[in-house]
Amino acid sequence: MSLVAQLQTALGAQAVLVSEAEVAGYLQDWRGRYGGPAACVVLPSCTQQVAAAVRIAGRLRVPVLAQGGNTSLSGGSVPWPDGAAPMLINLARMRAVRAIDTANDSMVVEAGCVLAAVQQAASERRRLYPVSLGAEGSCQIGGNIATNAGGTGVLRYGNTRENVLGLEVVLPDGQIWDGLYRLRKNNTGLDLKHLFIGSEGTLGVITAACLKLHPLPTAQAVAWMAVPNPAAALDMLALFQRRCGASLSAFEMMNGPQLDYVLEHVPGRRAPLPASYAWHVLVELADSGAEPALTGALQETLQQGLAQGWVLDASLAASGPQRAALWALRHSVSQANKQAGIGLSTDCALPVSAVPEFIERATLAVHRVMPGLPIIIVAHLGDGNVHFIPLIPFAGFGPWSAVADRQATASAASAVRQAVHAVAHALSGSFSAEHGIGQLLTQEMARFKPAVELAMMRGIKGLLDPQQLFNPGRLFPAVATTRTSAGTDVEGTSDE
Ligand SMILES: Cc1cc2nc3c(=O)[nH]c(=O)nc-3n(C[C@H](O)[C@H](O)[C@H](O)COP(=O)(O)OP(=O)(O)OC[C@H]3O[C@@H](n4cnc5c(N)ncnc54)[C@H](O)[C@@H]3O)c2cc1C
């Protein structure tokens, strides 16, 4: 029997999509940059169905691609154009909240739960699930875990990795691993959940997770500040940390061009300040005390920043809707950039103190390749994650046009990314902070990862997925390449 016939027999016809019209929505990524055909799309309703589908694919040697909300931006969640088409498993039908345990501050959810629904379910029990990002209305917990998603809450609560207590996973041989522990301490050998967090669908299908919950803040204070430069933003970060301690829950920076794109391209967004400035920071304080005390602390810290010259102007949200409006500016950046042009996006992690130097050196490096190209910057500054995005406007820029000359643009894009990554590496940073490797950055893995680390990763992959069927061509570089100290031994990636 064929793959589809076997799947239909095991899972029922309604769980297996094959017609062009039905599968089309699963085959392209969020930005429309990557995609390819699938043998079929499977929509399992429970863990046993995932395991049955994986066993069938394994017997027939069909590649397996797990997909969540399909919002990742590095091309790991959609099929590839060439080679054997995968069985794509989308977890959208597995969205049960299996349990919320307030006594132990944990919840067990199925992998297809949308992040916003998890946050909502937690808040109904007066708890916080703190991972928060622009795609939270569509991305799934399984995808968050597979990419170790970061977002705006990392400064205070850590990445997804820090908020997962246990996992349930279907392994490539079809076994179900029930590791849904809800313990805060469990020193019984290797902590295997960490293998799957950030594994991008290469080691198994995550079907459920036990998540860590936190007290739900009852008071919030949010402000928008204009600052003269990234160094002043860091001075303000240190000041907030000193004065406000653990109540500092977000510290997000963007440059003027980034704010301008949001205001230009996303309907309903309004300028937070009367004048335009080169650099902006959104700051949030949150805790379970009283709102006036928190607002007072925010005001006083801003005043001190103004007196020091680290803040040029500021606007403090006076109500819930005003706080939401400031956050909407931050959460609209991806939507705005998608409409503004082709972003040569990078996602670098730096030691926080190195961010200003990184921005300065990366700007020079990009302009050596594409002189004068607009650069938009949006950073989770509190944790040192900078999205440094040279952007080719759709209208074209000098000799490069995002639409007309794709080949020249692609090779310049590749050179630009390599240059930015080299700067991050030189400053003890990383070329990938939160968006994953996907297919976009596999060659950068070869370029920057020590050979011994790649060898360990390949060993684990070979042990769990000896047929190399799970998300082939993603995360791991195609050819093992020895890293040179200069880091220039391979061609970089190009997705434009
Ligand atoms: C507007 C916007 C803003 C964003 N902001 C942020 C941000 O601030 N921080 C951040 O970290 N990311 C951000 N992202 C990227 C993206 O939302 C995250 O990477 C998210 O975690 C992906 O989840 P997903 O469900 O969409 O996964 P997908 O895109 O569907 O998949 C991502 C990877 O995970 C694998 N995968 C998915 N589900 C499973 C599963 N159940 N088991 C095993 N493997 C699986 C896929 O094979 C793929 O390799 C943003 C994206 C957009 C569009």
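The values are calculated or read from the model by the stated rules, or taken from the named source; none is laboratory data. Predicted, not measured: the structure shown is a model, and the values here were computed from it. Neighbour counts are summed over all protein chains in view; Cβ atoms, including those assigned to glycine, are modelled from backbone coordinates with ideal geometry. What goes into the accessible areas is simple: the full protein's heavy atoms, side chains included, and nothing from ligands, DNA or RNA. Shrake-Rupley method; radii C 1.70, N 1.55, O 1.52, S 1.80 Å.
What full-extension length gain, to one decimal in nm, is calculated for Ala293 and Ala278 as 0.36 nm per residue of separation minus the Cα-Cα distance? Full extension of this stretch gives 2.3 nm more. Between the amide H of Cys40 and those of Leu88, distances stay under 5 Å, these residues lying 5 or more places away or on another chain, with hydrogens modeled in the peptide plane. For the chain, the longest principal axis of the alpha carbon atoms and the long axis of helix 320-331 meet at an angle near 60°. With the cut-off at under 16 Å, measuring from each backbone N in segment 219-261 to a point 7 Å along the Cα-to-Cβ line of Ser319 picks out 222.
Sequentially through segment 166-177, phi angles give Karplus couplings (6.51, -1.76, 1.60; θ = phi - 60°) of x, 9, 10, 9, 8, 7, x, 8, x, 5, 9, 9 Hz, Gly and Pro residues having no value and appearing as x.
Put simply, the amide H of Val311, placed in the peptide plane, has neighbours under 5 Å in Leu306, leaving out anything fewer than 5 places away on its chain. For the pair Ala426 and Arg242, a Förster radius of 22 Å applied to the C-beta separation gives a FRET efficiency near 0.15, rounded to the nearest 0.05.
What FRET efficiency comes out for the pair Thr188/Gln120, r = Cβ-Cβ distance, R0 = 56 Å, nearest 0.05? Computed FRET efficiency for Thr188 and Gln120 comes out at 0.95. Based on the Cβ-Cβ distance from Glu360 to Ser138, what FRET efficiency comes out when R0 is 30 Å, to the nearest 0.05? For R0 = 30 Å, the calculated efficiency reads 0.30.
With all protein chains kept in place, the per residue accessible area of segment 219-331 amounts to 41 square angstrom at a probe of 1.4 angstrom. Using a probe radius of 1.4 angstrom, the carbon and sulfur fraction of the accessible surface of segment 1-216 is 51%. If the Kirkwood radius is taken over C-alpha pairs of segment 1-216, then at 4 °C and 1.567 mPa s the Stokes-Einstein diffusion coefficient equals 74 µm²/s.
Whole-Hz Karplus values for segment 373-387 come out as 4, x, 10, 10, 9, 9, 9, 7, 4, x, 10, x, 9, 10, 8 Hz, taken residue by residue from phi with 6.51 cos²θ - 1.76 cosθ + 1.60 and θ = phi - 60°; glycine and proline positions read x.
Scanning residues 5 or more positions from Gly396 or on other chains, those with amide H under 5 Å from its amide H are Ala402, with H placed 1.01 Å from N in the peptide plane. For the chain, the longest principal axis of the C-alpha atoms and the axis of helix 230-244 are separated by about 90°. Between the Cα long axis of helix 355-369 and the first principal axis of the chain there is an angle of about 70°, rounded to the nearest 10.
Positive end of the dipole of the chain (Cβ unit charges, origin at the Cα centre): among Ile376, Ala365, Pro37, the Cα lying farthest that way belongs to Pro37. Dividing the radius of gyration of the alpha carbons in segment 1-53 by their Kirkwood radius gives 1.02 for Rg/Rh. Size descriptors for segment 407-456, from the alpha-carbon set: Rg then Dmax equal 11.8, 37 Å. Could you work out what % of the accessible surface of segment 219-331 is carbon and sulfur, using a 1.4 angstrom probe and leaving DNA, RNA and ligands out of the count? With neighbouring chains kept in place, the figure for segment 219-331 is 52 percent. For the chain, adding -39500 (n - 2.57) for each run of n ≥ 4 DSSP H residues and dividing by the number of residues yields -10500 deg cm²/dmol at 222 nm. For segment 339-435, the fraction of C-alpha pairs more than 15 angstrom apart is 56%. Using a probe radius of 1.4 angstrom, the carbon and sulfur fraction of the accessible surface of segment 339-435 is 58%. Geometric descriptor of the chain, per residue, is 152 Å³ (volume of the convex hull of the Cα atoms). For the chain, the Cβ-based charge dipole about the Cα centre amounts to some 660 debye (Lys, Arg positive; Asp, Glu negative; other atoms uncharged).
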